[in-house]
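Please treat every number below as a calculation from the coordinates, not as lab data. In this text the structure is predicted, and so the values were computed from the model without any measurement. Cβ atoms come from the backbone with ideal geometry, glycine included; neighbour counts cover every protein chain shown.
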């Protein structure tokens, strides 16, 4: 999944000379937490609701007056993403920088914004949870053919796989988290156990330790 598929293209922007109080009112009125700062169609900064609260807080060593211009407290230079970036790259960057959003820039033009909420929505979509389905967790040996063997077993039982997420575990094993198109998950899990697979979810299956 790419950034262009999850970003918000309808961006509200402000100028560097707008007052802090006015920027805050825009956020409150539009129910948003991030505002890109544009100067002559160029992205020059970004300001968040947290920036505004901290800047004007009485607890700050030198609090700003609410009539101060945004350019005094905005963050710059701005770390941006590209519409063709994979969402996991954006998520990793946001995690490393401890930020809640990334402006999306293409050909030096601001074309969207992606937030941590957008990435959480993408994760939910990738899990297939929005479709009628059941969760199945299976631990496999990390070797070629194991996933094919599992998917063949499900296909033989005419079970559709809506999504597959995987991650490595210790001792040369990988964990599969699947959403499959059936509500009869326990009988399917038991059949998978009998075929020699280690089922982690649903619990209380014969092969689950």
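Angle check, please: helix 87-97 long axis (alpha carbons) against the longest principal axis of the chain (alpha carbons), in degrees 0 to 90, nearest 10.
Computed tilt is about 50 degrees.
Which whole-number percent gives the relative contact order of region 149-209, counting Cα pairs below 8 Å spaced six or more residues apart?
That works out to 23 percent.
Helix 116-127: angle to the longest alpha-carbon principal axis of the chain, degrees 0 to 90, nearest 10?
Orientation of helix 116-127: about 20 degrees from the principal axis.
Just to confirm the number: angle between the C-alpha axis of helix 185-194 and the first principal axis of the chain, 0 to 90 degrees, nearest 10?
60 degrees
If you take the Cα Rg of region 3-123 and divide it by 2.2 N^0.38 Å, with N the number of residues, what do you get?
Here the answer is 1.05, to two decimals.
Running Debye on region 131-201 with equal point scatterers at the Cα sites and no solvent, what base-10 log of I(q)/I(0) appears at q = 0.17, 0.24 Å⁻¹?
-0.56, -1.14
Express as a percent, rounded to the nearest 5, the fraction of DSSP beta bridges in the chain (both residues included) that run antiparallel.
Here the share of antiparallel DSSP bridges comes out near 95 percent.
Note down the nm distance, to one decimal, between modelled labels 7 Å out along Cα→Cβ at residue 157 and at residue 116.
3.8 nm
Would you work out the relative contact order for the chain, in percent, from Cα pairs under 8 angstrom that are 6 or more residues apart?
With pairs under 8 Å counted, the relative contact order is 17 percent.
Can you show me the helix-derived [θ] at 222 nm for the chain, built from DSSP H runs with n ≥ 4 at -39,500 (n - 2.57) apiece and divided by the number of residues, rounded to the nearest 500.
Result for the chain, helices only: -9500 deg cm²/dmol.
Which one is right for this structure if volume of the Cα convex hull per residue in Å³ is calculated from it: (i) 126; (ii) 139; (iii) 180?
(iii)
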